[in-house]
Amino acid sequence: MTIEALERRSHDAAAPECIAKSWRSDIVLDWASRIAIIVGFSGLAVLNIVYIQQGIVDWQDLDHPSRLLAIAARVGTAMFLALVAVTTLTRLRPVAKAQGIRPRVSALLGTFLCTTLTFLPPADLDPFSATLSTIMVILGTWVAFVVLTWLGPSISIMPEARQLVTTGPYAIVRHPLYVSEALATLGIMIQVFSPLAALIVALQLLLQLQRTKHEEKVLHTAFPEYGEYAARTPWVIPGWRKMPLSLGLSQ
């Protein structure tokens, strides 16, 4: 037996072991990311629940409409955050992932950058602006909750493909979760409005746009039928198809 044949046999024998190690590594990374997401979003949900309890304790203020709206917004936010944690625990294994560091950075910043708004001082708003901003937060968080319920085990923070969802809210636009989150974020921005808040939100929205590009590239690679779905479904604005799939595949 030649040296080349021996090397080939050794390589063939080692291949299954390498595959097994890669598989175990993928499982470890998957569960590590799940645990991080569960802990992070559960913590944020608990903070909102504490705020709700404090609002209920101060029951004498509940007759004010703005106070009731603020509690309703917190309830929606807590439910959404808790649902993210639960669905992350039961989500499917990814069948495809984005390559490189940029898609992961844009996903993380797009997800968590808006939380910095909570550290800014509240703006001095007139009653109309205060009510409008709170209603935006309520609508955004409650719609996001419904969308996430529909998405279920296909949820991803990073640009990953698990299962193609094209019905329900995803038959209206391709990224309904980001649309609802943007509505809630704009509502929060009004409540703490300042040049810094506007800059944070503008950057966060740009990151979300970049995030949709990376996600659509992964989905198109994993699911050949995604191209047909994208051709008939608007990007983020219902009824407006001028932002084609090429946004996600041009680069």
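Rule-based calculations on the coordinates, nothing more; no lab input. Since the structure is predicted, the reported quantities are computational estimates derived from the model, not experimental observations. Please note: Cβ atoms are built from the backbone with ideal geometry, for glycine as well, and neighbour counts cover all protein chains shown.
Residues in segment 167-179 carry Karplus couplings, in order, of 10, x, x, 7, 8, 8, 9, 7, 9, x, 5, 5, 5 Hz; the curve used is 6.51 cos²θ - 1.76 cosθ + 1.60 with θ = phi - 60°, and Gly or Pro positions show x. Using the Karplus relation 6.51 cos²θ - 1.76 cosθ + 1.60 with θ = phi - 60°, the per-residue 3J(HN,Hα) values for segment 123-138 come to 7, 8, 9, 6, x, 5, 5, 5, 5, 4, 5, 5, 4, 4, 5, 4 Hz, with x marking Gly and Pro. If R0 is taken as 22 Å, the Cβ-Cβ distance between Val86 and Trp150 corresponds to a FRET efficiency of 0.95. Our note on the geometry: Cα centres of segment 33-47 and segment 130-175, 18 Å apart.
Projecting label points 7 angstrom from Cα along Cα→Cβ for Thr131 and Leu203 puts them 3.5 nm apart.
Projected onto planes of every orientation and averaged, the convex hull of the alpha-carbon atoms in segment 110-227 covers 7.5 nm². The three principal axes of the Cα atoms in segment 199-240 give end-to-end lengths of 37, 25, 6 Å, sorted in falling order.
Rounded to the nearest whole angstrom, the semi-axes of the ellipsoid equivalent to segment 137-191, taken from the Cα gyration tensor as √(5λ), stand at 22, 12, 9, largest first.
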